[in-house]
Structure formats: C-alpha cells, structure tokens
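The values are calculated or read from the model by the stated rules, or taken from the named source; none is laboratory data. Since this is a predicted model, take the numbers as computed values, not measurements. Heads up, the Cβs are rebuilt from the backbone with ideal geometry, glycines too, and the neighbour counts pull from every protein chain shown. With ligands, DNA and RNA removed, areas are computed over all heavy atoms of the protein, side chains included. Shrake-Rupley method; radii C 1.70, N 1.55, O 1.52, S 1.80 Å.
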Amino acid sequence: RVIGMGGSSLGSEAIYDFLRKKIKKNFSFVDDLDISNKIKNDKKCLNLIVSKSGETVETIVNSNLIIKRKDKNLFITENKDNYLYRLALKLKAEVIYHNNFIGGRYSVLSEVGMLPAELMGLDSRKFKKFDNLVANKKFLNSLIINVSNILELIKRKKFNSVILNYDETADNFLKWY
C-alpha cells in the first residue's frame, strides 16, 4: 500500500497500471482523503508512506487512520525533523531519505518511484536506461523537434497542453504528466 499525494504516489501508480500484466503483487494507492474503498484487512501488508517534506497534511491524516502497529511500515521522507520522520521513529519503522533536490512528478526516477517498482518485482535499472533512445536517431530528432516546438509556443505565451486519452490504462500516467 502506497500512501502519498501527488508526485509521491502518482509515478509509482502509473508504473503499476502500465505494467500491471507483469506484476504479480497487489498494490493499492492511497492518494486522497477518501480511503473507504482503499483499505482492506490484509494480514500481510507493507505500508510505504511517502512525503518529501514529511509534513503533507493528507498523507499524515491517512497514515494516522491506516497504520497499525503490527503493520510493516516504510517511510520515504527528507533527512530532517518532520512529522513523518518522528512517526517512523515512534513505530520503529525504517526510513529512506528522499533526495531534497528532486520533487514532484520527477521524483518517479528516484527512490520514490524506483523502490515501489522494485517491490512490484520490476528491475528499476531498466527505467533509467536511456542509451537505446539516445542512440535512436529517429527518436532523438523527434525529441529535438518537440522541444523546439514547445519553446516556440512558450515564446508566443501559449502555455496550455491538451491531451486526449482514449485508453484508460494510461489514466494514471497522464495524471502524472
């Protein structure tokens, strides 16, 4: 069970949805205050509580409602005194320090997304292999054209991005985006 808000859970939820057929374990994502249908009486459950600041109110509320002393709990938060860090100490839970220089949706390639990916049975190193993409001239040219187009639109003060989704398996990926 991943407990977090925004970038603290969206990336790992997008990975889970996108690669669902390869993942043998069940995951649930508690990413809002409506937890009624997200809590199951699992006898064996790992709670992964994620908040960069350790002070995200919704994550704190959900943690206090969900976590039981008998649960295995793992926290990802900054290496500083914050509410979730103190809760982890009280529960004698392990804490993995969130890099303070990366946050939001981009943290998916840090411990915030890669630890859940590993827990899903996926190889996190594969998410970081961009060599093949960079070697692919067609992809690289497409990327350069896209970045060029985006910069041109920004110069014209056009900041909206519209994406139409026709595949519900991409919903969480697009929320992450």
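Dipole magnitude for the range 56-150: about 180 debye, using +1 per Lys or Arg Cβ and -1 per Asp or Glu Cβ, origin at the Cα centre.
Probe radius 1.4 Å, ligands and nucleic acids ignored: give me the carbon and sulfur share of the accessible area of the range 38-177 as a rounded percent.
Working: 5680 of 10130 Å².
Carbon plus sulfur share of accessible area: 56 percent.
Backbone geometry of the range 66-82 corresponds, through the Karplus equation with coefficients 6.51, -1.76 and 1.60 at θ = phi - 60°, to 3J(HN,Hα) couplings of 9, 5, 10, 4, 6, 5, 8, 10, 9, 10, 10, 7, 5, 7, 7, 6, 8 Hz, x marking Gly and Pro. Scalar couplings 3J(HN,Hα) for the range 93-107, obtained by applying the Karplus form with A = 6.51, B = -1.76, C = 1.60 to θ = phi - 60°, are 9, 6, 10, 10, 7, 7, 4, 7, 9, 9, x, x, 5, 6, 6 Hz; x denotes Gly and Pro. Residues whose amide H lies under 5 Å from that of His98, counting only those 5 or more places away or on a different chain, are Thr77, Glu78, Asn79; hydrogens are built 1.01 Å from N in the peptide plane. Rounded to the nearest 20, the Cβ-based charge dipole of the chain about its Cα centre (Lys and Arg +1, Asp and Glu -1) stands at 420 debye.
Estimated from the Cβ-Cβ distance and a Förster radius of 25 angstrom, the FRET efficiency linking Lys24 and Asn99 is about 0.30. Each residue, Leu89 and Ser161, gets one label point 7 Å from its Cα in the Cβ direction; the gap between the two is 3.9 nm. Average accessible surface for the chain: 68 Å² per residue, computed with a 1.4 Å probe over protein heavy atoms with every protein chain in place.
Of the trypsin sites (Lys or Arg not before Pro) in the range 1-72, the ones in a loop by DSSP (not H, G, I, E or B) with at most 13 other beta carbons within 10 Å are Lys24, Lys25, Lys40, Lys43, Lys44, Lys68, Arg69, Lys70. Size of the chain: Rg and Dmax of its alpha carbons, in Å, are 18.2, 56. Put a dot 7 Å past the Cα of Lys44, heading toward its Cβ, do the same for Ile150, and the two dots end up 4.2 nm apart. Between Ile23, Tyr177, Gly104, the Cα set farthest toward the positive side of the dipole of the chain (charges on each charged residue's Cβ, about the Cα centre) is that of Ile23.
When only Cα pairs below 8 angstrom with a gap of at least 6 residues are kept, the range 95-177 shows a relative contact order of 18 percent. Near Ser161: Cβ cut-off under 15 Å, other residues only, Lys/Arg at +1 and Asp/Glu at -1. The net charge is +4. For the range 148-155, 3J(HN,Hα) computed residue by residue from phi via the Karplus equation (6.51, -1.76, 1.60; θ = phi - 60°) reads 4, 5, 5, 4, 4, 5, 5, 4 Hz, glycine and proline entered as x.
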